[in-house]
Each structure stands twice: as structure tokens, then as C-alpha cells.
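Peer 1: My structure is below; once you've seen it, I'll send some questions.
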Amino acid sequence: MRIYILITYLLINTNIIANELNIFSARQEVLMKPLLDKFERKTDIKVNIIAAKANQLINKIVQEGEFTKADILITTDVGRLHNAKEKDLFQKITSKKIEKVVPKIFRDKDNYWVGLSLRSRFFVYNKNTVKKEDLKGYLDLRDIKWSNKILIRSSNNVYNQSLISAMIINYGEKKVTKFLEGFVENFARKPSGGDRDQIRAILSGEGDLAIVNSYYYLKMKNEDKNGKLKDLIEYYPQDNFMNTHLNVSGAGIIKSSKNKGNAIKFLEFLLSKEGQKIYAEVNYEYPIRNDIKLNSFMSKNSKFVRDDLILSEVAAMNKKAIFMMDIAGWK
């Protein structure tokens, strides 16, 4: 009787279910649903998803420890993936298929996380108040000509932290320190809200130029049936030292995953041609792979010069970036 109880306990608590996969996702479930549905139909693997903020999910996995049901953490920005790795949440991803299709700059150097899709951090501006010929690279936004014109979210946002981290690598700490001093002085208002709020603030006349993640604006632009955004234009920053900053949405397999085989199958599906096309076109992002034929809208909006930094090195610069942003008074 005792042996029977012990076996039953172990089966329940080790969650050994051959056709199950538990995903903790910082991406909204509605964005992931087309991919989840397709994967379930192809593999007969039941996918369970918990969607919440990245920090909440990371803390939950930390607290649950080896008893967590999570198999995969999906989140946005290399900074969050690096944070999860530093907390020892991930195990190595062992898949030749993944290594073959994902460039080294978009995955962890030790294979603890992998990028799934790309997004750029670019400018959106009001064509009636900003001349295109005045636009250059990120560093130029310290110039006095941008006084009271710039809209951006707060410094505690990981997208901004990664941008400044990339700038430190490209321009050097001294130039970025000087940049931040002038940049903060050029804010049109106190940073607040998300990227969509910065775009709306241009429309309401609170500022003239916003720094946002591409997928927010591209989604709004493609769905703009009433022409509300007709005066707004996107611009991909570039100068002699730095091209347009790229970041990732990505994933890692949880260290104590009970369904590692299914987790690898899922990541391989997301990085297949079929998965990449869905991921990019549904979420308005750029595919990790360079052999994906996109629809006309995304194809037209994917032609720009990309920065080619190794993202794990960008993530490692995060703490320095936060310190410098704080010193400059960027709240």
C-alpha cells in the first residue's frame, strides 16, 4: 500500500504527461494563440499557458523552484532573458535545428535562451513639425533643436535600458553620458505610459518625435482605417557608429522542466518557416530567420540597416545603463 501511494505521489508531483507543455508567457495569450493552435494540431501536444508580466512570471518560477510546472518562459527583450538566466532558471537548449537557423547574435552564448522574433526601436515623428532631413542617429537627439519635442517612456522600462546599453557599446561611455544630459533636457513631458501612449501623445500635440518599438507602431499603422496616423512617419536611426537597434522576443526552457522534449519541439516549431511567418505577420515583428517571405506590408517595413551587436553583450551592459540613466535624471 505504501509503495502504491509513493508511486502515485511521484507521478502527480513530477507532472509526467507525455503530451503536455506548460508555457509561462509575458506575451499576451491572444498574440500567441495562432501559434499555439497550429502547434497543437500538428503535434497533438496539449499546451497550457499562463500569461502575465515578465517579472511576475520570473518571481513565480523562482518561488516555486523545482516544483514549478513551467516548461518554457517566453518574454520580450534580451534584458529579461538575461535576468532569468542569472537567476539560474534555464537549462541548455539542445537542438541542432535551432542552432542552424538562429544567428549567434540572437541567442545566448551558452544556449540558455534563444530569440524567436525581432523588433527595432525606432523614431515616429510628425511630418508637419519635423523635417526628415533633420533626422540622424540616436546620438543626435541630444541636440538643442529637439528641445521640448521628444516623447519616451520611463527609464525603468527594459526596452530603453537595452537601447542605452547598445549605445554604450557603439558610442562609448563618455559620449553616451553627454548624450543623456542633453537628451533628458529635450523631453516634451515627464516620461509616462507605454509606447502606444507616446504615439498618441504626438497626435495630441504633446511632442513631435517618439522613440518606440516598431511592432507597436506598425500594428497601429496597418489597422488605421480612418487615417488618424496619416501625419506620422517612422524613421530608422542610423549614423557612422550605430544602425537601428534590434532586440528580441525569446524563450528559455526551465531548468526543472518535466517536458523538455515537448519544449524543444515547440521552440523548433516557432523557428520553422511556418512558425516564423505566423509569428512575424500576426505580431508585426521581423523573423529571426532570413529566408521568410513576408506579406507586402511587413516586407515593405523590414528594409533598413540593422545594428549587429551580440545581444547577450547588450544585456550584460544593463546595470551600467540604468546607473547612467539615473545619474542623468531620466526618471
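Read-outs throughout are calculated quantities, based only on the coordinates presented, and are distinct from any laboratory measurement. All values reported here derive from a predicted model rather than from experimental measurement. Every residue, glycine as well, gets a Cβ built from its backbone with ideal geometry; the counts of neighbours run over all protein chains shown.
Peer 1: Listed residues LYS46, LYS69, LYS85, LYS100; which is over 22 Å from ASN157 (Cβ atoms), of a type in the set (Lys, Arg) and touching a residue at least 40 places away in the same chain (Cβ under 8 Å)?
Peer 2: LYS69
Peer 1: Further question: Looking at the range 285-297, which of its residues are surrounded by 19 or more Cβ atoms within 10 Å (Cβ to Cβ), closer than 18 Å to MET220 by Cβ and not charged (D, E, K, R)?
Peer 2: The one that is surrounded by 19 or more Cβ atoms within 10 Å (Cβ to Cβ), closer than 18 Å to MET220 by Cβ and not charged (D, E, K, R): TYR286.
Peer 1: Follow-up. Out of (1) more than 23 Å from GLN276 (Cβ to Cβ); (2) in a loop (DSSP other than H, G, I, E, B), what's the single condition that is false for ARG27?
Peer 2: If we test ARG27 against (1) more than 23 Å from GLN276 (Cβ to Cβ); (2) in a loop (DSSP other than H, G, I, E, B), just (1) comes out false.
Peer 1: What are the residues in the range 162-190 that are touching a strand residue (DSSP E or B) at 6+ places or on another chain (Cβ under 8 Å) and farther than 16 Å from TYR138 by Cβ, if any?
Peer 2: ALA188, ARG189
Peer 1: With respect to LYS174, determine if the residue is touching a residue at least 60 places away in the same chain (Cβ under 8 Å) and among the basic types (Lys, Arg).
Peer 2: So LYS174 does not fit the description; no.
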